[in-house]
Amino acid sequence: MTYLAKPKLHHPTLAKNQIGYTRRDYEGAISTLCAGCGHDSISAAIVQACWELDIEPHRVAKLSGIGCSSKTPTYFLGNSHGFNSVHGRMPSVVTGANLANRELIYLGVSGDGDSASIGIGQFAHCMRRGVNMLYIVENNGVYGLTKGQFSATADKGSKSKRGVTNTDEPVDMIGLALMLGATFVARSFSGDKKQLVPLIRAAIEHRGAAFIDVISPCVAFNNHPGSTKSYEFVRQHNEAVNRLDFIEGRSEITADYAPGEIVEVTQHDGSVLRLRKLAPDYDPTNRVKVMNYLQERAAEGEVVTGLLYIKPDSADLHQYLNTVDTPLNQLAERDLCPGSVMLERINAALR
Amino acid sequence: MKPTDIGVPDYFHKVVDCQWACPAHTPVPEYIRLIAAGRYGDAYMVNWWSNVFPGILGRTCDRPCEPACRRGRVEERNTEKAEPVAICRLKRVAADYKEDIRGRLPKAPKHKNGRRVACVGAGPASLTVARDLAPLGYKVTVFDQDPRAGGMIWSQIPRFRLPMEVIDEEVDYILGLDVEFRGGTRIDSLKQLMAEGYDAIFIGCGAPRGRDLDVPGRQEAAANIHVGIDWLSSVSFGHVASIGKRVIVLGGGNTAMDCCRTSRRLGGDDVKVIVRSGFEEMKASPWEKEDAMHEGIPILNYLVPKAFIHENGRLTGMTFEKVRAEYDAKGRRKLIPTGEPDQHFECDDVLVAVGQENAFPWIERDAGIEFDQWGMPVVDKATLQSTVPNVFFGGDAAFGPKNIIWAVAHGHDAAVSIDKLLNGEDVHERPAPGVSLVSQKMGIHEWSYDNDVSLANRYQVPWRDQKLTLKDIKVEVELGFDQKSGFAEAQRCLNCDVQTVFTGKLCIECDACVDICPMDCITFTENAEEADLRKRLNAPATDTSQDLYVSDALKTGRIMAKDEDVCLHCGLCAERCPTGAWDMQKFLLQMTHAGPACRTPARKAA
């Protein structure tokens, strides 16, 4: 936590994006989280991704529930729409907002408590309905605001700061998201922005329910030996299956690859995600294989990261409901009411 | 890159750009903080120990610190006009508002150490030697041809820039240390002075000869052609009180600026400065040019003097050849005539301020002092010792015309040499500076310095009404900051001496510092050679005059690399660091002056 606002001064060479904003223009208020909190790094990654995508801040709606993670939308995209909802109820609010105005970019920020405990039902239905959004869980395996109890994502056998061993099975958010039909599923680590920023970019561009589980160490209560969500543990057990290096039409190729090293995924809008393979034979478009692979690696104690699953021909709730292209909140009475002549005609047809 | 060794005093000293650039290495941020705290006397004393003449320098310094000031780089592309902190004028704030500090000055010891030192010339270099040596018990005698002490400080700098009271006050602090001043005593023979048995002689007689301009008409029109520095000192002495209505000043240095502005006050209505070079290359400080132009004095450039025009033995004007600058492959400038017709300017008087030269007619060439091919004494740059071991040179007399702050720096160095020499030590063994590095942490988010960076632009020093200043040569033009604007300007200082100190073994690489840094100074990356590393940082580090602060390999094998260039020293990296790997620590470097501290430790123990 810092009392001073971040000085407005910036590096003299700080670049502007296509719409004339610097990265600093996408920042929010100064964070009041603990120093070193992984969540702040995720906020910085969101800032970077939105800047790179040339997103107009007023086109983003950021929504959250309750918890350390759910405070973070205050700390990024200070010029975007925000909604801080009831604990665990962010998915419902996003669903409603998305139905009312399909033109905004929806960014749901939640934590392991907000999504895996009180809001697990909300999370489930949001995923299976395919609400077009990016759902980020800032996952630290611990209840930070109430001083360090295990959360529902804490691994069985991991130790609390006081030395107590967790006896409960963890809720596997990635497994749930896959099972429930999320069409973009990724896991990353707050301490690895090189991996996280491209994933956020791709997820924002994805149509349908995109879910990123970001392991985000709690420096105050879950960064000790025995924790499986500490900086050190995650770095040691991080097994990235791929690196998202390139999104066609958006950024430049950063490296040359030998043939066979690349997986290309063409999305609904024709854009191509170029993934550098790190695990041989890993196919992120085969949901059954992905689920098996993740179970196997998890049994080995590894934390698998990267773009784990993507459904190229994804669809979203609006498509399923066959809504009109015009956002519903822009439909006026003229559009919605067919008029008495039409009513007469319909009634006549039914007589 | 190898990890940075912050134990070498130069590393953090360089980060304090202003102090590094100052010839006397005045701890600038230290005194600026004291000004902000309203502790003017303390701020004055920090200056007085370091640069001896805070009130004088606060009005007249060449301020090498200001172009170096980090604030100027930080504001680039952040404000319309990037400007450094007004360091020089803040020095004046300390001098203007200080309480009586006489009780805090050193006292001359009752018992002298039996050593006698002669200083030739009573300018800033000699007075610094006297200030450093007199409190140690040396009997210092200062000779000057003028009846007053101060040298060029009072004879060449006009009163409207530097009032007499300010000079008197600071010169008297030194003479009050039981320093003997023999004014009106011209030294005509070094050999004779050497024969008087002084243990050491310091020569700080300045560069007293103004360069003349030998073009046709010089002799015939001599009555209305004056050499700048001689004319300025005649004005200071009160021998000259008027000048013609139309005046041409030749030359582009600070003396030329003093000449033209003085002319404006002595009856010159139509005063212009004419220089050979381009306006940008003029030697005068930018602010002195501005001050002159503000008084309605045009500066005409690329005009080479061709002839003084005279009628019946009276100067009527000057002709100039129009030139342009051309640079050869080596970047050397050549002035090429443009072929346009010569330009003629009418005038009543001409002031020639085209440079100063050293002159040592009073040093016999068989006195043992070696001179080089340009007639300059052979002087060691570090010790200021001449080829006669107990004769030292300093100020303009040593290496040609510079400025007051360089003279002070020479004075300190020469005093160290004299003290060591007379204690039987090797003068070439120079004392290390005194250095301390202390954490400024007072609480979780509390620091013992104000880390909230001011966004204000540089404050303008108010001027007195021109109607008053152009009438009377003794009326000071600048009013100086009042306490309120002095505080506000002091708050612009970034506290570059409060260093970001990194302890790699505490770092957990959480990126918190990277995320919070407003200037993108910090990067965690794979190590590489410096040139490569500079390109790979979060913000490119193109200013190679500014160091990279590089850590040892961290747990992931990466290193921390911080570009010092535009760091705000806001301490947010340290506030956001969960493990205390970053800390803000005040680096205070004080030069070691003459006295027991400058002597070798072995002798101290004995």
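Details
- Low-density loop cleavage sites - trypsin sites (Lys or Arg not before Pro) in the stretch A:123-215, where at most 14 other Cβ are within 10 Å (DSSP): A:Lys147, A:Lys156, A:Arg162
- Acute angle (nearest 10 degrees) that the helix B:87-97 long axis makes with the longest principal axis of chain B, alpha-carbon atoms: 80
- The chymotrypsin sites (Phe, Trp or Tyr not before Pro) of the stretch A:1-74 that DSSP puts in a loop, and whose beta carbon has at most 15 other beta carbons within 10 Å, are A:Tyr3.
- Cα-Cα separations in the stretch A:23-322 greater than 26 Å, expressed as whole percent: 39
- Remark: chain B carries a charge dipole of roughly 760 debye about the Cα centre, counting +1 on each Lys and Arg Cβ and -1 on each Asp and Glu Cβ.
- Sequentially through the stretch B:153-162, phi angles give Karplus couplings (6.51, -1.76, 1.60; θ = phi - 60°) of 4, 9, 7, 10, 7, x, 5, 6, 9, 8 Hz, Gly and Pro residues having no value and appearing as x.
- Amide H contacts under 5 Å for B:Gln356, placed H, 5+ residues apart: B:Arg211
- Percent of beta bridges antiparallel (DSSP, the stretch B:210-356, rounded to nearest 5): 55
- Taking label positions 7 Å along the Cα-Cβ direction at both B:Glu446 and A:Asn17, the computed distance is 4.1 nm, reported to one decimal.
- For a straight C-alpha distance cut-off of 15 angstrom, the aspartates and glutamates reachable from B:Lys535 (same-chain residues fewer than eight places away being disregarded) are B:Asp520, B:Glu526, B:Asp543, B:Asp547, B:Asp563, B:Glu564, B:Asp565.
- Using a cut-off of 29 Å between Cα atoms, the listed pairs A:Lys194/B:Lys555; A:Lys194/B:Lys562; B:Lys98/B:Lys420; A:Lys277/B:Lys2 include B:Lys98/B:Lys420; A:Lys277/B:Lys2 as exceeding that distance.
- Acute angle (nearest 10 degrees) that the helix A:120-129 long axis makes with the longest principal axis of chain A, alpha-carbon atoms: 50
- Scaled against 2.2 N^0.38 Å for its residue count N, the alpha carbon radius of gyration of the stretch B:57-136 is 1.64.
- Largest-first ellipsoid semi-axes for the stretch B:543-606, taking √(5λ) over the Cα gyration tensor eigenvalues, angstrom: 35, 16, 15
- For B:Val142, the residues whose amide H sits under 5 Å from its own are B:Cys119, B:Glu180, B:Phe181, B:Arg182, ignoring neighbours fewer than 5 places away on the same chain, with H placed 1.01 Å from N.
- Placing dummy labels 7 Å off each Cα toward the beta-carbon, the span from B:Asp199 to A:Thr32 is 6.8 nm.
- Fewest-first ordering of A:Thr183, A:Thr95, B:Thr255, B:Thr79 by other beta carbons within 10 Å of each residue's beta carbon gives B:Thr79, A:Thr95, A:Thr183, B:Thr255.
- Each peptide in A:322-333, B:383-394 gets a packing score, the mean of other Cβ atoms within 10 Å over its residues, and the list from highest to lowest is B:383-394, A:322-333.
- Per DSSP, loop GluC sites (Glu not before Pro) in the stretch B:303-397 with at most 14 further Cβ within 10 Å: B:Glu364, B:Glu370
- Hydrodynamic radius by Kirkwood, which averages 1/r over all alpha carbon pairs of the protein assembly as shown, in angstrom: 33.3
- Under a 5 Å amide H cut-off, with hydrogens placed 1.01 Å from N, A:Ser227 pairs with A:Lys159 among residues at least 5 apart or on other chains.
- Phi angles across the stretch B:491-506 convert, under the Karplus curve 6.51 cos²θ - 1.76 cosθ + 1.60 with θ = phi - 60°, into 3J(HN,Hα) values of 5, 6, 5, 8, 6, 5, 7, 7, 8, 7, 9, 10, 10, x, 6, 8 Hz, Gly and Pro given as x.
- Taking all C-alpha pairs of chain B, those more than 40 Å from each other amount to 36 percent.
- 10 Å Cβ neighbours from other chains, averaged over peptide A:27-37: 4
- For chain B, the mean residue ellipticity at 222 nm estimated from helices alone is -8000 deg cm²/dmol, where every DSSP H run of n ≥ 4 contributes -39500 (n - 2.57) and the total is divided by all residues, rounded to the nearest 500.
- Angle in degrees between helix A:193-205 and the longest Cα principal axis of chain A, rounded to the nearest 10: 10
- Cα-based shape type of the stretch B:210-356, given that a ≥ b ≥ c are square roots of the gyration tensor eigenvalues and the cut on a/c is 1.5: oblate
A short reminder: the numbers here are calculations on the coordinates, not readings from a lab. Everything numeric in this text was worked out from a predicted model, so none of it was measured. Cβ coordinates were reconstructed from backbone atoms using ideal geometry, including for glycine residues, and neighbour counts include every protein chain displayed.
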